[in-house]
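Peer 1: Shown below is the structure under consideration.
The values are calculated or read from the model by the stated rules, or taken from the named source; none is laboratory data. These figures come from a predicted structure and were not determined experimentally. Backbone-built Cβ (ideal geometry, glycine too); neighbour counts: all protein chains shown. Calculation scope for accessible area: heavy atoms of the full protein, side chains included, ligands and nucleic acids excluded. Shrake-Rupley method; radii C 1.70, N 1.55, O 1.52, S 1.80 Å.
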Amino acid sequence: MSQAFRSSQGGRIDRSRPLRFRFDGREYTGYVGDTLASALLANGVRVTGRSFKYHRPRGLMAAGFEEANTLVQLESGARTQPNLRATQIELYDGLEARAVNCWPNARHDVFGFFQLLKPFWPAGFYYKTFMAPSWHLYEPAIRHGAGLGVSPKLADPDVYDKCHAQADVIVVGAGPSGLAAAIAAARDGASVVLVDDKPALGGSLQYEPGLVEGLPAADWLKAREDEIRSLPNIRVLGCTTAFGYYDHNHLLANELLPAGGTSPRQRLWKIRGRQIVLATGALERPLVFPNNDRPGVMLAGAALQYLHRHGVLPGRRVAIATNNDSAYAVAFELRKAGVEVVQIADSRGGQPAPLAQAQVLGIPVTMTCAPTDTRGRSGLQRVELHDVNGQGQAQPGTGRWLDADVLLVSGGWNPTVHLFSQSGGALRFDDQQQAFVPHRLAQAGHLVGAAAGQAERDIAVEAARVAGRDAAANRIVRELAPVASTAQAALWSVNVEAIGRGPSKSWVDFASDSTESDLRLSARENFVSVEHFKRYTTTGMMTDQGKTSNVNAIGILSGVLGKAPGEVGTTRFRPPFNPVTFGAIAGRNVGAYYRPLRQLAAQEAHDAAGAKMEDYGAWMRPAFYPQAGEQESATIHREVLAVRSGVGILDYSPLGKILVQGPDAAEFLTRVYVNNVRTLKVGACRYGLMLGEDGIVKDDGVLTRWSENSYLVGTTSGQADRIVEWMEEWLQCEWVDLDVTVESVTTQWAVVMLAGPKAREVLSRLDSGIDLAAAAFPHMSAREGRIGDVPVRVARVSFTGELGYEISVPWQYGLSLWNALLEAGKPLGIIPFGIESLMVMRTEKGFLHVGSDTDGLTLPQDVGFGAIIDKKPEDFIGRRTTMTPDGRRTDRRQLVGLAPVDGASLLPVGGHVVDAAFKAASGHTQGWVTSSFMSPTLGRPVALALVERGRERLGEQVQVFDGGKLLPAKIVSMTAYDPEGERLRM
Amino acid sequence: MLKIDCPFCGPRDEAEFRCGGESHIQRPGPHDAVSDAQWADYLYMRQNPLGWHFERWLHAAGCRQWFNLARHTVTHEVRVVYAMTAPKPQVEATEVRS
C-alpha cells in the first residue's frame, strides 16, 4: 500500500530510507524518522484501535504521550510489550505491532457489538449489577474479559541498566524554553543534565512555525545546538522520559536505547539535582461533543506535528473546531501544504486576531459555532455544526452538515504539570487562561515556558534564561507569579440539550471510555469529591492518567456542581508520568542477581558428592546427599543413622560468628544475653538466648570466651548480619560508654561440624596438637591448635545430640579441611550429611530451633529459661518485658514434646493442640505443633509443640486437630533421644 | 528518595540508610526499678508530630555509623544532622505546606 497521505516534501524524515513494518497483520512502508503512528497515518490507516469498554473504533487523536486511542502490542514472543502508544514508538525496519483489546483486528472486532450495549452500561455498572450474592462470584469472569494487551509469557531476553547521575541543574524538556534555561545555567558554570523524550532537541521548534527571537525556528535551534556542543558541562539525555519527581529533587527518567545489538534495551536514570527546571510544555484539550471519538477527529496540535515532523497530511478535507487561536496556525500550515481546509468553527464570538489572515487565505471561518455530531462508517465523513451561545449551548434550528474526512479540535491548553504535582507543588486555576497552572513550589526549582502557562515564545525564552541563571545560583522560588496572557474562553463541552439530544456519546476520557453522561450521572448519585468522581467513572484512571481528559472532566463537573473549577480541584498526579516497563525497574537484579547467594568454601566437594542444594536465607546449603535413585526420606534416614552409629560431617560455615572484644566485652554481653556471662571461663562455651527489648526470643547460639576480653558470639545463619547491626545500634546509641568492638567474622572462618560417636577418632587423625581426651577437652569447651601451618579452632559442642566438634579454619582452607576429614574418616565410614538430617536429629534431642519452635509471642520462660533468668542478677535486653503481667501469666504456651498415642502417626506441623474432650472445630486451641519428624533413630514420630501450661501437663493425653481430623497424642519431655545426655559427654 | 548528609561520608541517597525511628528515648532501668507503665511507655509510645521529628539513622551501606537528624514530617526537609550523643537541637518553626 502506498503512502497516500505522505506530503511530497517537508518533515524530519528520510525519504531515501524506507522501512517496512506490519500492523494488525498488514504490511506497510514508512521512513526513518517516522513513529509507528505517523507511518500509519501516512498509509491512510484510520481505525487504529478499539475503545476499552465498548470496543468502538478509534483512530489516532494525538502525537505524543497523551494518545489515548492507539495502544499496541509491540512484537511477539519474549520481547513483546503491551499497551505502548503508537505515537511513542520510533519506527524501525521489520516492526510488528497489533492493536490491543480487539479480535481479530481493530478494523473488524468481534466485540464491536458491545457499543450497542452502551445505554445499559453506565458509570458504576459493575457495582450496581454484579451484587447478588457477591461481587466475588462474577469477578473472575469480568477480570478475564477486561484489560488491554497481554504481558509476555517468556523470560525477557534483554538487559536493562540503571544509572545514577547528579547535577546542579536538571532541565526536563528540550523545547525552546528548556534549551534557553539549560544553556543559561551552564554558562554560569552549573553542571546541567538536559532530559528530553525525543531523539532530537527542539521540542515544539520541530514542528511549530514562526520566528524565535527574530530567527527562523530551525536557525535558532541550530545555534542552540552548537552552543550546547561547546558547553562541556551540559549532558544531554535524549529518548529519555522523566517520569517521577520525588523528594529532595530526585528525578527518575527512562532512556530507550536502539533495538538490537548487545547494548541494554533501556536505562533507568536516577538523577539528583540541586535544582530542577521543568520545561515540560503543554497538552492540548480535545472538545467534548457527541461522537467526538470517531476516527478522523484529532487534536489540532497533533496534526501540526504530523505535518512538519513527519511530512504526513492528516486528510484531504479538513474541518477545524476550536475555542482558541492556536488552531488557526494549524489551518494555515495545512493550507500551505496543499490541504483543503473547509471550515474553521470557532465557538467564541468577536474578532480573533488570526481572523484576518484566514480571510486572506480564503479559509471560511464561522464564529459562535461548534460541532454537535459526526458521521462516517470506518472514519469521519461528515461533521454537524450548530451555532452556540456563550455557555456552549447549541441553538435549535442552526444545524448543518459539512463533508470532511478530518476534524481537528482544540479546546485550549493545559500546562503539563504532572511532574510538578508529583514534586508536591500546588496548582491554581487561572481564570484568565482557563487552565490549572503551577502555583506554589515544594522543592528547589523553576518552571518555564508553556509548563508555566507562558504561551508567548520570545517572552518564555527570555524568562527561561533568567530561570536558568537563578537555578545555577540556587535561588529558591516559593511561588510563581501569574503570567500575563490573553483571556481564554472555556468550552468544557458542547451542550446539546437545547437541540433535544444528550451527552451519552460525548466522550471525556477516550482511554477509559467514559462520557459526559457518566459524570452527570455520578453527580445525580450524589458524588461530590473529584477523587470519587474519578474512581466511580474511571475518568483519568487509565495508563495515560487522564492527560487529555482530567481538566475537561473538572470543567464539566464545575458546571454540574455549580462550583468554580478551582473549587472542584484536581486529582493528584502520581508517578509514573508515562508507563515504565518492569524490566527497567528491575534492572540487573533478575535471575541469579535478584539476590546474590553466598557460596560455601567447600562447594565443589558438595557438588562432587551429589548434594541437593537448597536456599537457606542468604546461602545455598546442602540439604542432604542422595545416592543414586534414593528418595529424600530414605537419604535422611540413612544419614541420621550413620551419624548416630558412626560419624558424619556437615558444612556449618554459614553459622553467624561475631567477634566481641574490649575491656567491657563481658559487661556488654551480660546485657545482651539472657544467660549469665560473667561466670564463663576462658576456653569455655555456653549456649544462650538473646531477646529483643520486647522480650521475644530473637536468636540463640553458642558463646565462646577465647581470652579475657575476647568472645565469639555464635548466631543462627539467617540472623548473622542483623545481630551484628543490632549490637552496633546498642553500642552506638545506648551504651556509648562501653569500650567494646563488634565485628562479623562469619565468612572469615569456614566451619565443619563433625558429629557421631566416632568423631573423636576422626579428629585425632588430623594432627591439630589439641588434647582431645574427654577430661582435657570436655563438652562445652573450645581449644586452639594448628594443622600444619593452618590455625584451627575446635569447639566441642553438639546440635545433633552426639559427641560433636565444630572445627574452624580460615575460609580459604574450608575445602581442604572438608576433604581431610572425609579422608581421615573413610575407614570409619564417615558420611557427609545435610541440614535436613541435622533438623531431624535436633528434634529427636529436643534442641530448640528459633523461628520454628518460637514465634513472635515466645518469651524465654516459655522455652525453659525461667530458672536461668531467676538466677541472674543483672538487667539485660528484654528482661523487663518478661516480668510484665503478660509474661507472668500461668497459662502461657510452653515448649514440650508430643508423641502420637498410636506410636505411628506423624503429627502435622501447625496442627492445633486441643484437649482430649474436644469435639467440634469451634473450640479453644491450646497451642500447636512446631517441629515434627519420623525419627529414624527411635523408629517412631517425634514432635515439639507450644502448649498452654505444657510443662505441668507432662503425661496428659491431648489431641492434634488438623484439617478436620483429630489425632490422639501425649504431652512428653522435649528430649526423646538420650535424655541423660550421656552421648554428649562420651 | 531523601538525600541525607551523613556526618562521616557526606550526602548520600536514602537507600544507603536505615531509619531507627525517634531518637532521644532514655532506656529506663534496671529492670527491678521500672514500673509496667514506664516500661510500656519506653517500649511502645512514640511521637508522631506534624513538623520537626528528631530521629536516628544508620548509614548501613556506608560507614555503619548511627547519627541523629531533624526531619520535617510534611516537607521531608532534613535540617540538622548531629551526633548520637548530642542534645536535641533547636529547629526554628517552618511554614507547613500540605
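Peer 1: Could you list, in sequence order, the residues of the range A:862-891 that are polar (S, T, N, Q) and closer than 12 Å to A:LEU691 by Cα? First the steps, then the outcome.
Peer 2: Applying the first criterion (polar (S, T, N, Q)) to the range A:862-891 yields A:881-882, A:884, A:890.
Passing the criteria: A:THR881, A:THR882.
Peer 1: If you check A:ALA618, A:ALA602, A:ALA592, which single one turns out to be within 18 Å of A:ALA820 (Cβ to Cβ) and either in contact with a strand residue (DSSP E or B) (Cβ under 8 Å, 6 or more places away or on another chain) or of a type outside the set (Phe, Trp, Tyr) (or both)?
Peer 2: A:ALA602
Yes/no per residue for (1) on the phi > 0 side of the Ramachandran plot; (2) without any contact (Cβ under 8 Å) to a residue 24 or more places away in the chain; (3) in contact with a strand residue (DSSP E or B) (Cβ under 8 Å, 6 or more places away or on another chain); (4) open to solvent by less than 70 Å² (accessible area, probe 1.4 Å):
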| site | (1), (2), (3), (4) |
| --- | --- |
| B:PRO11 | no, yes, yes, no |
| B:GLY21 | yes, no, yes, yes |
| B:VAL34 | no, yes, no, yes |
| B:LEU50 | no, no, no, no |
| B:GLY62 | no, no, yes, yes |
| B:HIS76 | yes, no, no, yes |
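Peer 1: Can you name the residue in the range A:428-452 that is within 33 Å of the chain's Cα centre (by Cα) and part of a loop (DSSP other than H, G, I, E, B) and, of all such residues, is nearest to A:GLY412 (Cα to Cα)?
Peer 2: A:VAL448
Peer 1: Go through the range B:36-48 and count every residue that is touching a residue at least 12 places away in the same chain (Cβ under 8 Å) and either open to solvent by less than 50 Å² (accessible area, probe 1.4 Å) or within 29 Å of A:LYS270 (Cβ to Cβ) (or both).
Peer 2: Qualifying residue count, the range B:36-48: 1.
Peer 1: Which one is surrounded by the fewest Cβ atoms within 10 Å (Cβ to Cβ), of the residues in the range A:236-257 that are of a type outside the set (A, V, I, L, M) and away from chain B (no Cβ under 14 Å)?
Peer 2: Selected residue: A:GLY238.
Peer 1: Right, something else. Identify all residues within the range A:103-149 that are assigned to a loop (DSSP other than H, G, I, E, B) and in contact with a helix residue (DSSP H, G or I) (Cβ under 7 Å, 6 or more places away or on another chain); write none if there are none. Spell out the reasoning first.
Peer 2: Within the range A:103-149, the subset assigned to a loop (DSSP other than H, G, I, E, B) is A:103, A:105-108, A:121-124, A:130-134, A:146-149.
Result: A:TRP103, A:PRO122, A:ALA123, A:GLY124, A:PHE130.
Peer 1: Right, something else. Just need a number here: residues in the range A:904-942 that are among the aliphatic types (A, V, I, L, M), open to solvent by less than 10 Å² (accessible area, probe 1.4 Å) and part of a strand (DSSP E or B).
Peer 2: Of the residues in the range A:904-942, 4 are among the aliphatic types (A, V, I, L, M), open to solvent by less than 10 Å² (accessible area, probe 1.4 Å) and part of a strand (DSSP E or B).
Peer 1: For a quick check of your reading of the model, give me the residue pairs whose first member lies in the range A:951-973 and is farther than 15 Å from A:GLY927 by Cα and at pLDDT 95 or above, whose second is open to solvent by less than 60 Å² (accessible area, probe 1.4 Å) and part of a strand (DSSP E or B), with beta-carbon atoms closer than 9 Å and at least 6 apart or on different chains.
Peer 2: Listed pairs, sorted by first residue: A:GLY955/A:ILE971; A:GLY955/A:VAL972; A:SER973/A:VAL896; A:SER973/A:GLY897.
Peer 1: Which residue out of A:GLN443, A:GLN393, A:GLN434, A:GLN422 is among the polar types (S, T, N, Q) and over 27 Å from A:ALA460 (Cβ atoms)? Step through it out loud before you land on a result.
Peer 2: Working: A:GLN443 fails: over 27 Å from A:ALA460 (Cβ atoms); A:GLN434 fails: over 27 Å from A:ALA460 (Cβ atoms); A:GLN422 fails: over 27 Å from A:ALA460 (Cβ atoms).
On inspection, the qualifying residue turns out to be A:GLN393.
Peer 1: Something else: Specify the residue that is nearest to A:ARG272 (Cα to Cα); the eligible residues are those in the range A:189-246 that are in contact (Cβ under 8 Å) with a residue 60 or more places away in the chain and charged (D, E, K, R).
Peer 2: Per the stated criteria, the residue is A:ARG235.
Peer 1: While we're here: Would you confirm, using the coordinates I've provided, whether B:ALA37 is out of contact with any Phe, Trp or Tyr (no Cβ under 9 Å at 6 or more places or on another chain), hydrophobic (A, V, I, L, M, F, W, C) and closer than 30 Å to A:LEU252 by Cβ?
Peer 2: no
Peer 1: Another question, if that's okay. Among all residue pairs at least 6 apart or on different chains, which show Cβ distances below 6 Å where the first residue, located in the range A:802-826, is under 16 Å from A:ALA755 (Cβ atoms) and the second is open to solvent by 40 Å² or more (accessible area, probe 1.4 Å) and part of a helix (DSSP H, G or I)?
Peer 2: Close Cβ pairs (under 6 Å, with a partner that is open to solvent by 40 Å² or more (accessible area, probe 1.4 Å) and part of a helix (DSSP H, G or I)) amount to A:GLU802/A:ARG983.
Peer 1: Here is a follow-up. Select from the range A:709-764 the residues that are among the polar types (S, T, N, Q) and part of a loop (DSSP other than H, G, I, E, B) and write down the one among them that is most open to solvent (accessible area, probe 1.4 Å).
Peer 2: A:GLN748
Peer 1: Tell me, which strands (runs of 3 or more DSSP E) wholly within chain B include 1 or more residues that are away from chain A (no Cβ under 11 Å) and either touching a helix residue (DSSP H, G or I) at 6+ places or on another chain (Cβ under 9 Å) or among the charged types (D, E, K, R) (or both)?
Peer 2: B:3-6, B:18-22, B:52-58, B:78-82
Peer 1: Filter the range A:520-562 down to the residues that are farther than 21 Å from A:ALA62 by Cα and outside any helix (DSSP H, G or I) and list them by number.
Peer 2: Once the filter is applied, which keeps residues that are farther than 21 Å from A:ALA62 by Cα and outside any helix (DSSP H, G or I), the range A:520-562 yields A:GLU525, A:ASN526, A:PHE527, A:VAL528, A:SER529, A:GLY562.
Peer 1: Select from the range A:618-641 the residues that are touching a residue at least 24 places away in the same chain (Cβ under 8 Å) and not in a helix (DSSP H, G or I) and write down the one among them that is surrounded by the fewest Cβ atoms within 10 Å (Cβ to Cβ).
Peer 2: A:ALA618
Peer 1: When you check A:ASP721 against the structure, is it within 14 Å of chain B (Cβ to nearest Cβ), at pLDDT below 95 and within 25 Å of A:HIS849 (Cα to Cα), yes or no?
Peer 2: On the way: within 14 Å of chain B (Cβ to nearest Cβ): yes; at pLDDT below 95: yes; within 25 Å of A:HIS849 (Cα to Cα): yes.
So A:ASP721 fits the description; yes.
Peer 1: Just for the range A:262-288: of the residues that are among the β-branched types (Val, Ile, Thr) and open to solvent by 10 Å² or more (accessible area, probe 1.4 Å), which one is farthest from the other protein chains (Cβ to nearest Cβ)?
Peer 2: The first filter runs over the range A:262-288 and keeps only residues among the β-branched types (Val, Ile, Thr), leaving A:262, A:271, A:276-277, A:280, A:288.
Still in the running and open to solvent by 10 Å² or more (accessible area, probe 1.4 Å): A:262, A:280.
Values: A:THR262: 28, A:THR280: 21 Å.
The selected residue is A:THR262.
Peer 1: On to the next question. Within the range A:592-617, track down each residue that is free of Cβ contacts under 8 Å to residues at least 60 places away in the same chain, within 30 Å of A:LYS162 (Cα to Cα) and not basic (Lys, Arg).
Peer 2: A:ALA592, A:TYR593, A:TYR594, A:PRO596, A:LEU597, A:GLN599, A:ASP615
Peer 1: Output yes when any residue across the range A:218-229 is on the phi < 0 side of the Ramachandran plot, among the small types (Gly, Ala, Ser) and not in a helix (DSSP H, G or I), and no when none is.
Peer 2: No; the residues of the range A:218-229 include none that is on the phi < 0 side of the Ramachandran plot, among the small types (Gly, Ala, Ser) and not in a helix (DSSP H, G or I).
Peer 1: Only one of A:ASP978, A:ASP875, A:ASP886 is open to solvent by less than 60 Å² (accessible area, probe 1.4 Å) and within 14 Å of chain B (Cβ to nearest Cβ); which?
Peer 2: A:ASP875
Peer 1: Now for a different question. Could you please let me know if A:TYR160 is within 26 Å of A:GLY64 (Cβ to Cβ) and either open to solvent by less than 30 Å² (accessible area, probe 1.4 Å) or more than 25 Å from the chain's Cα centre (by Cα) (or both)?
Peer 2: Criteria met by A:TYR160.
Peer 1: Now for a separate question. Does A:GLY390 count as more than 14 Å from chain B (Cβ to nearest Cβ), free of Cβ contacts under 8 Å to residues at least 12 places away in the same chain and open to solvent by 40 Å² or more (accessible area, probe 1.4 Å)?
Peer 2: no
Peer 1: Shifting gears a bit: Considering only the range A:536-573, state which residues are charged (D, E, K, R) and farther than 19 Å from A:ASP197 by Cβ.
Peer 2: Residues satisfying the conditions are A:LYS563, A:GLU567, A:ARG572.
Peer 1: Under the condition of being at pLDDT 95 or above and part of a loop (DSSP other than H, G, I, E, B), which residue from the range A:592-617 is surrounded by the most Cβ atoms within 10 Å (Cβ to Cβ)?
Peer 2: Once the filter is applied, the top-ranked residue is A:ALA602.
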